[in-house]
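**Q** Just passing along the structure, written as structure tokens.
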Amino acid sequence: MTATAVLPDQLGPLLQRITGDEKHAPSAHSTLDVLWVLYDRVLRISPDTVDAPDRDRFLLSKGHGPAAYYAVLAAKGFFPESWLDDLGSWDSPLGHHPDRVRIPGVEVGTGSLGHGLGLGVGVALGLRAQGFTRTRTFVLLGDAELDEGSNHEGIAYAAATHLPITAIVIDNQSSTHGWPGGIAARFPGWDTSVVSGRDRDRLERVLKPRHDRPNLIVATVERKGS
């Protein structure tokens, strides 16, 4: 299967083909631009290299709303676009949470909020132990997930061990508790950038540089429910 040339503006019609998950529409729309930039401009992965040991890894910790993820994977040729028309049926590969066993290109099954960053830290550590020095690990989280305490163990460990991991936090002000100093204050020891989650060129610039320490991107989007 080869990647299909699809313009970013064609993602809207692909996303509209997915029905049955409308309650998570805000999650899908908030992540669409970040996901497109990752798969179109940044990640070293394609439908032909989904099993390559040295491929970049992407983990969708924000797994409750995978519709945008599915639209981008279909647009880039990881699976047929026709799969988008049958979300969540008994024999569909596309579930309401992504399934790494059934969907080409999906690295991990997620949906229980607060676990993705810890998984990403483990992936990055394992890749480094195997000597894959060019391979990068990316994790996409929602801001409300940071209320889960397990994230902070991963944040502290990544900083202490200088792991080459990039965390992208979608900030739509849905976090219950907030945090003094903003989201970046939760990531001591990380390089941090705060950018518009709709500015694809700026997202590309902050996602592409290689780091010898963990990297945080806070991608701001419209307030949830606005």
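**Q** Any chance you could run the full-extension gain for Arg205 through Asp51? It's 0.36 nm times the residue separation minus the Cα-Cα distance, nm to one decimal.
**A** 52.8 nm is the gain from fully extending Arg205 to Asp51.
**Q** Also, I was wondering about something else. Once amide H atoms are placed 1.01 Å from N in the peptide plane, what residues at a sequence separation of 5 or more from Val169, or on another chain, have their amide H within under 5 Å of its amide H?
**A** Leu141, Ile217, Val218, Ala219
**Q** Then there is this: For Val106, what charge total do you get from the other residues with a beta carbon under 13 Å from its beta carbon, if Lys and Arg give +1 and Asp and Glu give -1?
**A** +2
**Q** Using a 1.4 Å probe on the protein chains only, how many percent of the accessible area of the stretch 143-216 belongs to carbon and sulfur?
**A** C and S fraction of accessible area: 50 percent.
**Q** For the chain, modelled as a GNM with alpha-carbon contacts under 10 angstrom, which of Asp86, Asp40, Asp201 fluctuates the most?
**A** Judging by the Gaussian network model, the answer is Asp201.
**Q** Subtract the Cα-Cα distance of Val101 and Gln130 from 0.36 nm times their separation in residues, and report this length gain in nm to one decimal.
**A** 8.1 nm
**Q** Quick one: among Ala184, Ala129, Ala160, which has the greatest mean-square fluctuation in a GNM of the chain with alpha-carbon springs under 10 angstrom?
**A** Of Ala184, Ala129, Ala160, the most mobile in the Gaussian network model is Ala129.
**Q** Related question: Could you please state how large a percent of the accessible area of the stretch 35-103 is carbon and sulfur, counting protein chains only and using a 1.4 Å probe?
**A** 47 percent
**Q** Moving on to the next point. For Glu107, tell me the accessible area in Å² from a 1.4 Å probe, rounded to the nearest 10.
**A** Result for Glu107: roughly 40 Å² accessible.
**Q** Then there's this: Which FRET efficiency value, to the nearest 0.05, is calculated for Arg213 and Ser92 with the Förster distance at 25 angstrom and r the Cβ-Cβ distance?
**A** That gives a FRET efficiency of 0.05.
**Q** Then there's this: Could you work out which residue, out of Gly122, Gly182, Gly105, moves most in a Gaussian network model of the chain, that is, has the largest mean-square fluctuation with Cα springs under 10 Å?
**A** Looking only at Gly122, Gly182, Gly105, the largest GNM fluctuation is found for Gly182.
**Q** If you roll a 1.4 Å probe over the heavy atoms of the protein chains, what accessible area per residue do you get for the stretch 38-116, in Å²?
**A** Accessible area per residue, the stretch 38-116: 39 Å².
**Q** Per residue of the stretch 130-139, what does 6.51 cos²θ - 1.76 cosθ + 1.60 with θ = phi - 60° give for ³J(HN,Hα)? Whole Hz please, x for Gly and Pro, Karplus curve as stated.
**A** Running phi through 6.51 cos²θ - 1.76 cosθ + 1.60 with θ = phi - 60° gives 8, x, 8, 6, 8, 7, 10, 10, 10, 10 Hz.
**Q** Continuing with this model, one more query. Largest first, please: the extent of the C-alpha atoms of the stretch 153-212 along each principal axis, to the nearest Å.
**A** 31, 31, 15
The values are calculated or read from the model by the stated rules, or taken from the named source; none is laboratory data. All figures in this text were calculated on a predicted structure; none of them were measured in a lab. Cβ sites come from the backbone with ideal geometry, for glycine too, and all protein chains shown count toward neighbours. Only protein heavy atoms, including side chains, enter the accessible area calculation; ligands, DNA and RNA are left aside. Shrake-Rupley method; radii C 1.70, N 1.55, O 1.52, S 1.80 Å.
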